[in-house]
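Some notes on the structure that comes next.
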Number of protein chains: 2
Amino acid sequence: MDQTIHLAIVEDDNEIRQALCMIIDGSPGFTCKYAFPDGESALASIGNLPVDIVLMDIDLPGKSGIEVTRKLKSENPEIDFIMLTVQSDDDSIFKSLCAGASGYLLKETSPSNLLDHIREVYMGGSPMSSKIARRIINSFRVIQNPLSNREMEILEMLGQGLNYKDIAKDIFLSPHTVKTHIKNIYSKLHVKNRAEAIYKAIKQNLI
Amino acid sequence: MDQTIHLAIVEDDNEIRQALCMIIDGSPGFTCKYAFPDGESALASIGNLPVDIVLMDIDLPGKSGIEVTRKLKSENPEIDFIMLTVQSDDDSIFKSLCAGASGYLLKETSPSNLLDHIREVYMGGSPMSSKIARRIINSFRVIQNPLSNREMEILEMLGQGLNYKDIAKDIFLSPHTVKTHIKNIYSKLHVKNRAEAIYKAIKQNLI
DNA sequence: GCATCAATCGCCCAAAAGAGGTATTTCCAA
DNA sequence: TTGGAAATACCTCTTTTGGGCGATTGATGC
């Protein structure tokens, strides 16, 4: 069987990209035949390439590495993504993991550390700090919310199974108004009824 | 301000319980005034006690530590739980974290490691191995499912916003039958309409 | 063999929801 | 200051839901 781990790199800095590529390609058990300087070219190619793991720079020009990862991961769930960052910024690491990354690496990581990390991800792990771990455990992916406060309030009540009248009573509104809000919720979430609204809202972690 | 970390212990082995208690209570910054030999007594008391962190043995006689944690955590989300295990069994650790635990400790852990671990959890971290981390990232809590396959199938369609007729068409049934299934879903989930059904189903990870 | 349950189909009827409008006020930002 | 959300309120109309009934079939289990 082929134990070699096949990598691709997405990194705009030529020097870093080539250096990483050389380190990896020069190590037994690793190969790195593909390297991209930006998200667009990566998006166009990586889906069709025989790669196990993609090293993805977070700070790419244009589309951010997180966005590129989200897209690629959703289309190629079998590929693992390791994010590259200059400094360990909790928030972007967290976002990366939620976007589908399996790990992250600081750019100044030593070559042996780098290879260890890659191996660990390849073996099905997700090395992460305990702070990040907690955030992953607690919440899960928070997507930007198109709904107003009022709409959120009403949406939650829909999830409790309340009808127009009960919601209206609870928040001292006319049922007509509640109805209007709900209609607006539907249009913002692009759904056509309560069940679908709740489904979508939860899947996007609105509630 | 009071920087002392207040702990409680749930552990059936007298020796271990007392040893842990003494180690913790003897360390500056830590106090452990409460110790329980089983889940039942812990369930009865811990909700009313001023504790920050509970050390919970997984292998308790009677109710498992995981179950006890699930229950206590849902009623006292402000308390953190650290599971104690004899050996690092991926699966039960994973289940523990899903039940609401924030960390786990091997019983043979050294005292200084123990205190470090507790401190880390207290500071909002969740120390975990990379294997566990990946499992947490990927899936999330699977609860036992009271619904039949047919009901699940229909429930998912409800989430897509389909109505009786459309569902019936899709799965080649009479709309009456679909209605009956949905009624049964309601009764099993203890809900009264679609929105609430979807909400509850997702929250319990049925869909 | 009997109980139970999942799955299937049906009817009636009241309540609720959803799809169209229209319209006023408030408040914030450009 | 003007334009645009957001929040508020109302109307009409059709469609959909959900509750309350009953009933048959087939599989599974004790």
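Considering only protein heavy atoms, what is the solvent-accessible area of A:R119 at a probe of 1.4 Å, reported in Å² to the nearest 10?
The accessible area of A:R119 comes to roughly 100 Å².
Roughly how large is the B-A contact in terms of buried accessible area, totalled over both chains, probe 1.4 Å, nearest 100 Å²? Write out the running numbers ahead of the final one.
Values: alone 11340 and 11350 Å², together 19890 Å².
Buried area (both sides, nearest 100 Å²): 2800 Å².
Show that you can apply the helix-only estimate: for chain A, add -39,500 (n - 2.57) for every DSSP H stretch of four or more residues, divide by all residues, and state [θ] at 222 nm to the nearest 500.
After summing the helix terms and dividing by the residues of chain A, the value is -15000 deg cm²/dmol.
Work out Dmax and Rg for chain B from the C-alpha atoms and quote the Rg first, both in angstrom.
21.6, 70
Note down the net charge around A:L189, summing +1 for each Lys or Arg and -1 for each Asp or Glu among other residues with Cβ under 12 Å from its Cβ. Show your work: numbers first, answer last.
Working: positive: A:K183, A:K188, A:K192, A:R194, A:K200, A:K203; negative: A:E151, A:E196.
It works out to a net charge of +4.
Between B:T4 and B:M123, 0.36 nm times their residue separation minus their Cα-Cα distance comes to what? If you can, show how the numbers build up before the last one.
Numbers: separation 119, 0.36 × 119 = 42.84 nm, distance 1.21 nm.
Going from the current span to full extension adds 41.6 nm.
Starting from the Cα gyration tensor of the protein assembly as shown, take the square roots of the eigenvalues, sort them a ≥ b ≥ c, and report rounded, prolate or oblate (rounded when a/c is under 1.5, otherwise prolate if a/b is larger than b/c, else oblate). Mind showing how you got there, number by number?
On the way: a/c = 1.90, a/b = 1.07, b/c = 1.78.
Verdict is oblate for the protein assembly as shown.
What number comes out for the charge environment of A:L173, summing +1 per Lys or Arg and -1 per Asp or Glu over other residues with Cβ under 15 Å away?
Details: positive: A:R150, A:K165, A:K169, A:K179, A:K183; negative: A:E151, A:E153, A:E156, A:D166, A:D170.
After counting each charged neighbour, the total is 0.
Kindly give Rg over Rh for region B:5-90, based on alpha-carbon atoms, with the Kirkwood expression for the hydrodynamic radius. Before the final figure, lay out the partial values.
Values: Rg = 11.9 Å, Rh = 12.7 Å.
Computed over Cα atoms, the ratio is 0.93.
So how exposed is A:D116, as accessible area in Å² (1.4 Å probe, rounded to 10)?
Rounded to the nearest 10, that gives 80 Å².
Can you give the accessible area per residue of the protein assembly as shown, in Å², using a 1.4 Å probe? Could the numbers behind the result be given before it?
Working: 19890 Å² over 414 residues.
Each residue of the protein assembly as shown exposes 48 Å² on average to a 1.4 Å probe.
What are the lysines whose alpha-carbon lies under 16 Å from the alpha-carbon of B:K183, with same-chain residues fewer than 8 places away excluded?
Qualifying lysines at Cα under 16 Å: B:K165, B:K192, B:K200.
Can you find, among A:N193, B:A201, A:V10, the residue farthest towards the positive end of the dipole of the protein assembly as shown? Put +1 on the C-beta of Lys and Arg, -1 on that of Asp and Glu.
With unit charges placed on the Cβ atoms, the residue in question is A:N193.
Quick one: which bits of region B:146-168 get at least 20 Å² less accessible when the partner protein chains are in, versus the chain alone, with a 1.4 Å probe?
Residues meeting the cut-off: B:G159, B:Q160, B:G161.
Near the amide H of B:A35, under 5 Å away, which other amide H atoms are found, from residues 5 or more places off or on another chain, if H is placed in the peptide plane?
Sorted by chain and number, the residues that satisfy this are B:I9.
Distances over 16 Å make up what percent of all Cα-Cα pairs in region A:83-130?
Working: 376 of 1128 pairs.
The answer is 33 percent, as a whole percent.
Based on a Kirkwood Rh over C-alpha pairs, give the Stokes-Einstein translational diffusion coefficient of region B:156-202 at 37 °C and viscosity 0.692 mPa s in µm²/s. Numbers along the way, then the final one.
On the way: Rh = 10.7 Å.
The estimated diffusion coefficient comes to 308 µm²/s.
The values are calculated or read from the model by the stated rules, or taken from the named source; none is laboratory data. In this text the structure is predicted, and so the values were computed from the model without any measurement. Cβ sites come from the backbone with ideal geometry, for glycine too, and all protein chains shown count toward neighbours. Remember, those area values only see protein heavy atoms, side chains included, never the ligands or the DNA or RNA. Shrake-Rupley method; radii C 1.70, N 1.55, O 1.52, S 1.80 Å.
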